[in-house]
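S.K.: Before we start, here is the structure in question, set down as structure tokens.
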Amino acid sequence: MTDPEIDRRCRVLREEVRDFLREEIRSGAITPQCDAWLTGFDPAFTRRLARRGWMGMTWPKAYGGHERSQLERFVVIEELLAAGAPTAAHHTNDRQVGPMILRCGTEQQKQTVVAGIARGECVVAIGLSEPDTGSDLASVRTRASRIDGGWRISGSKIWTSYAHHAQYLIALCRTGESREQRHVGLTQFIIRLPDPRVRIRPIKLLTGGHHFNQVFLDDVEVSDDDVLGEVGGAWAQISAELALERSGPERFLSTFPLLSHVAGAAGASSGEEMLCAIGELTSQLWSLRSMSMDVARMLEAGRSTNAEAAMVKDLGTRFEGDVPERLRAFIAAQPTAASADPAQVLLAQAILQSPGYTLRGGANEILRGIVARDLGLR
Amino acid sequence: MSSDTMLVDTLARLLEAKSRPADVQAAEQEDGWHATLWRELDALGLADIDNFDPEHGLVDQLAVLQLLGRHAASVPFVESVMIGQWLCRQAGLDAMPGIVIVVPLDPSGGVSAAKAGDAWQLAGTAAKVPFARAGNRLLILASGPDGPVVASVDPSDCSLARSANMAGEPRDTVRLDGLRLPASSVCPLPDGVTVAALWERGALGRAAMMAGALQRALELSLQYAKDRKQFGRPIGAFQAVQQNLAILAAEVTATRAMVDLAGRVQGGRHQRAAVASAKARAGRAAGIAARIAHQIHGAMGFTGEYPLQLFTRRLWSWRDEFGSDRDWARVLGALAAAEGPGGLWPMITAAGDR
Ligand SMILES: Cc1cc2nc3c(=O)[nH]c(=O)nc-3n(C[C@H](O)[C@H](O)[C@H](O)COP(=O)(O)OP(=O)(O)OC[C@H]3O[C@@H](n4cnc5c(N)ncnc54)[C@H](O)[C@@H]3O)c2cc1C
């Protein structure tokens, strides 16, 4: 069921966002890019969004939010993604860090971190993966040991996006003893950065871009106030986030700027083959968006959507890779990111960023395992 | 030089030692190509077409190219030996020392040559010329008043803007602003040589390099699947990973089989069809293989430090060079259709039986 008042507000909002983005692009303030939610780190743009009330849209006003509906947030997020706007300075914070702290953080954490994100002034890095811990997240080894009034943390995190710009790092650590209870003894901590005992080593992407890092934690000391949620309760806290994290529009719109550009440049006189390609991709996209909105509604209604969310991410991220593979046939040969032709630039971006689509936020093989379990196969 | 395993072994050892991932990365950062490696290849006699048998040398050249691709060697072997020097040989021009780059290779390239009394005048631009900056001599294919001509040009007489493909290899823009050349530097394209034939040699050469790069992507993925442990096991123990590795291996094998066949049938009636098939097949494999290899490597493969990207960025680039998989599929389709009713199967079977 849709609420006519929310529908109306969404329509108005969508036009506002589109007008805003058109002006940003026209004035040259931003340039549409593929995968800009990952690579387009632009704090000034993030602050402009915050000033318009498009950060933390669903959060309580007490922490800088705007108490709007999930559907309205969906509208803003998907418009930004479709335009290829540079949202990397806040995208994951707005999507998962803020909501997690609101759900299980302390008043103090909400006043500082959540409000900071809502103002567009605070970057929080997410420290889950480790050199020996990827898909098997419960195998983390970074250890937090009790000290007087707090904890001492040692270990290393890897692939930590934008740790080099972050004011905080949320680190998943082992606090329990038992090796059998892998999922039980895990705790999250909010570490303030910079910290002399936190060393951040850049890891360059294959494009040469600096996106992620290895983070070394050498006896970093935090207080009890820096525990996020329950001691020993991190597994449940993280799992609760996953459905939302997996089914959002960033799981199928990362290469949409390329599709949009090609479709926009095509006309009725374009070859049949090209029109077919655009049509096939559009049909996939349209169904994905519909799936994604269904998951969003189910989540809002409090229903469990693990398998549906995993399907969106599996299908959607493969679609993101299919877009350049399918459309390259219709773009003058030999794409480069330095070209003067936007089609070639978008194509090169979509190809060179493609390794990430089906990995970040959980590899697709793991997601298919979740779907298979839901189908009763495991 | 005969088709022997000695050459291959010697070259393999040289590349093992001199074209390691770190060397390739350094070459990309510096000049965009690996000049010192080229000198070593020259010392082995590999930089000169006269060291290859005129009849059967092509098979050796393809073996060399597969190795160069397997090591991501940024050297102009296709450009200088398979195309540049071959053109000199066909045109009966004096052998030219050093690296000979043909400009432009693209049939739609835009340099034109006009008669100016006894001399010639050349003007126009050619973009994405592979290794132009490395050339000691540029052979410019230009459209003349009576058909295409070959003009031999000193690189210092052109203006050259550096550019690169997605793998960081030199793909430069060459511009000529009314360069005057004596009549002796310009000749018509020799009989039996067409722009399409030069392009075809480039496509075959790139397909061979792609076969090598695909092989390396497979080797890296297999090793990674054995070394990387998750859930207490090597990821290669999971069936999903095994299945993907099997698909990857089939892509690599199919490409190599087609490239080898295309090499064997050179000179035969279906030479062009076989090259078209090889480049189309390699282009298809590139996309599938890059996707699987990256997936198996997880985040590690996305980094600049880990060597996989040296091969996948080349595969993504090479599949569009000297004609894309789609361009060649169109050529092959037309050739197959031209065989007439019942002609497809004889074409496929004839090609293997030379
Ligand atoms: C662009 C990008 C940004 C990232 N940002 C962050 C970040 O900010 N913070 C953070 O903590 N992490 C981050 N990550 C890491 C990401 O969460 C991991 O890449 C992901 O969880 C997979 O782990 P891995 O890379 O170690 O791959 P592995 O777990 O080593 O997997 C390698 C391959 O094996 C397969 N595999 C593993 N186990 C199984 C199984 N049981 N069955 C079948 N197949 C299996 C996988 O599917 C994959 O194909 C980022 C990753 C990327 C690509």
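The values are calculated or read from the model by the stated rules, or taken from the named source; none is laboratory data. This one's a predicted model, so the numbers in the text were calculated from it and none came from an experiment. All Cβ positions, even for glycine, are placed from backbone atoms using ideal geometry, and neighbour counts span all protein chains on display. What goes into the accessible areas is simple: the full protein's heavy atoms, side chains included, and nothing from ligands, DNA or RNA. Shrake-Rupley method; radii C 1.70, N 1.55, O 1.52, S 1.80 Å.
S.K.: Using +1 on the beta carbon of Lys and Arg, -1 on that of Asp and Glu, and nothing else charged, what's the dipole of the stretch B:78-142 about the Cα centre, debye to 20?
M.R.: Dipole magnitude for the stretch B:78-142 comes out near 80 debye.
S.K.: For chain A, what does the relative contact order come out to in percent, with C-alpha contacts under 8 Å and a separation of six or more?
M.R.: 14
S.K.: Next question, about the same structure. For peptide A:332-339, compute the average count of partner chain beta-carbon atoms within 10 Å of each residue's beta-carbon.
M.R.: Per residue, the average neighbour count from other chains is 6.
S.K.: Select from the stretch B:262-297 all residues whose loss of accessible area on going from the chain by itself to the full protein assembly reaches 30 Å² or more (probe 1.4 Å).
M.R.: B:R291, B:H294, B:Q295
S.K.: How big is the charge dipole of the protein assembly as shown about its Cα centre, in debye rounded to the nearest 20, if each Lys and Arg gets +1 on its Cβ and each Asp and Glu gets -1 on its Cβ?
M.R.: Result for the protein assembly as shown is approximately 1200 debye, rounded to the nearest 20.
S.K.: What is the antiparallel percent of DSSP beta bridges lying wholly in chain B, to the nearest 5?
M.R.: Restricted to chain B, the bridges split so that about 85 percent are antiparallel.
S.K.: Rolling a 1.4 Å sphere over the protein heavy atoms, what is the accessible area per residue of the protein assembly as shown, to the nearest Å²?
M.R.: Dividing the accessible area of the protein assembly as shown by its residue count gives 42 Å².
S.K.: Using amide H atoms built 1.01 Å from N in the peptide plane, name the residues 5+ places from B:R137, or on other chains, whose amide H lies under 5 Å from its own.
M.R.: For B:R137, the qualifying residues are B:I99, B:I101.
S.K.: Sorted by accessible area (1.4 Å probe), largest first, how do B:H56, A:H165 line up?
M.R.: The ordering from most to least exposed comes out as B:H56, A:H165.
S.K.: In debye, nearest 20: dipole of the stretch A:5-53 around its Cα centre with unit charges on the Cβ of K, R (+) and D, E (-)?
M.R.: Here the stretch A:5-53 has a charge dipole of around 160 debye.
S.K.: How much of A:C122 can a 1.4 Å solvent probe reach, expressed as accessible area in Å² and rounded to 10?
M.R.: Approximately 10 Å² of A:C122 is accessible to the 1.4 Å probe.
S.K.: Can you give me the solvent accessible area of B:V59 with a 1.4 Å probe, rounded to the nearest 10 Å²?
M.R.: We get 70 Å² for B:V59.
S.K.: To the nearest 100 Å², how much accessible surface do chains B and A hide from each other in total, with a 1.4 Å probe?
M.R.: Heavy-atom accessible area buried at this interface is about 3100 Å².
S.K.: Just name one of A:G356, A:S154, A:T46: the one whose Cα is farthest towards the positive end of the charge dipole of the protein assembly as shown (beta-carbon charges, Lys/Arg +1, Asp/Glu -1).
M.R.: So the residue furthest toward the plus end is A:S154.
S.K.: Which of the listed residues, B:F131, B:N165, B:S112, is farthest toward the dipole's positive end in the stretch B:86-188, when Lys, Arg count +1 and Asp, Glu count -1 at the beta-carbon?
M.R.: B:N165
S.K.: Quickly work out the B:E339-to-B:D48 label distance, labels modelled 7 Å from Cα along the C-beta direction, and quote it in nm with one decimal.
M.R.: Result: 4.1 nm between the two label points.
S.K.: Still on this structure, please answer the following. Just name one of B:M347, B:Q271, A:P86: the one whose Cα is farthest towards the positive end of the charge dipole of the protein assembly as shown (beta-carbon charges, Lys/Arg +1, Asp/Glu -1).
M.R.: A:P86
S.K.: Residues of A:133-140, mean number of Cβ from any other protein chain within 10 Å of their own Cβ, rounded to a whole number?
M.R.: Mean number of neighbouring Cβ atoms from other chains: 3.
S.K.: Same structure again: At 7 Å along Cα-to-Cβ for each site, give me the label-to-label distance between B:E219 and A:S223 in nm.
M.R.: Distance between the two pseudo-spin positions: 5.7 nm.
S.K.: Oh, and also: Where does helix B:325-338 land angle-wise versus the long Cα axis of chain B, in degrees 0 to 90, nearest 10?
M.R.: Relative to chain B, helix B:325-338 is tipped by roughly 70 degrees.
S.K.: Kindly sort B:D118, B:D327 by accessible area of their heavy atoms, largest first, with the probe set to 1.4 Å.
M.R.: Reading off the accessible areas and sorting them downward yields B:D118, B:D327.
S.K.: Which one, B:A47, B:A329, B:A276, has the greatest fluctuation when you compute a Gaussian network model over chain B with C-alpha springs under 10 angstrom?
M.R.: Comparing B:A47, B:A329, B:A276 in the GNM, the peak value goes to B:A329.
S.K.: Now for a separate question. Before rounding to the nearest 500, sum -39500 (n - 2.57) across all DSSP H runs of length at least 4 in the protein assembly as shown and divide by the residue total; then give [θ] at 222 nm in deg cm²/dmol.
M.R.: -14500 deg cm²/dmol
S.K.: How far is the Cα center of the stretch A:272-292 from the Cα center of the stretch B:1-43, in Å?
M.R.: For the stretch A:272-292 versus the stretch B:1-43, the Cα centre distance is 45 Å.
S.K.: So, with a 1.4 angstrom probe, what is the percent of accessible area on the protein assembly as shown that is carbon and sulfur?
M.R.: Using a 1.4 Å probe with all protein chains present, the protein assembly as shown comes out at 53 percent carbon and sulfur.
S.K.: Return the whole-Å distance between the Cα centroid of the stretch B:240-302 and the Cα centroid of the stretch A:36-54.
M.R.: Measuring centre to centre over Cα atoms gives 42 Å.
S.K.: Let me ask something additional. How would B:R133, B:R171, B:R330, B:R269 line up by accessible area, probe 1.4 Å, largest first?
M.R.: Largest to smallest exposure gives the sequence B:R269, B:R330, B:R133, B:R171.
S.K.: Tell me, what ³J(HN,Hα) does each residue in the stretch A:215-226 have, in order and in whole Hz, if you take phi through Karplus 6.51 cos²θ - 1.76 cosθ + 1.60 with θ = phi - 60° and put x for Gly and Pro?
M.R.: Computed from phi, the couplings for the stretch A:215-226 are 10, 9, 10, 10, 6, 6, 9, 10, 9, 4, 5, 8 Hz.
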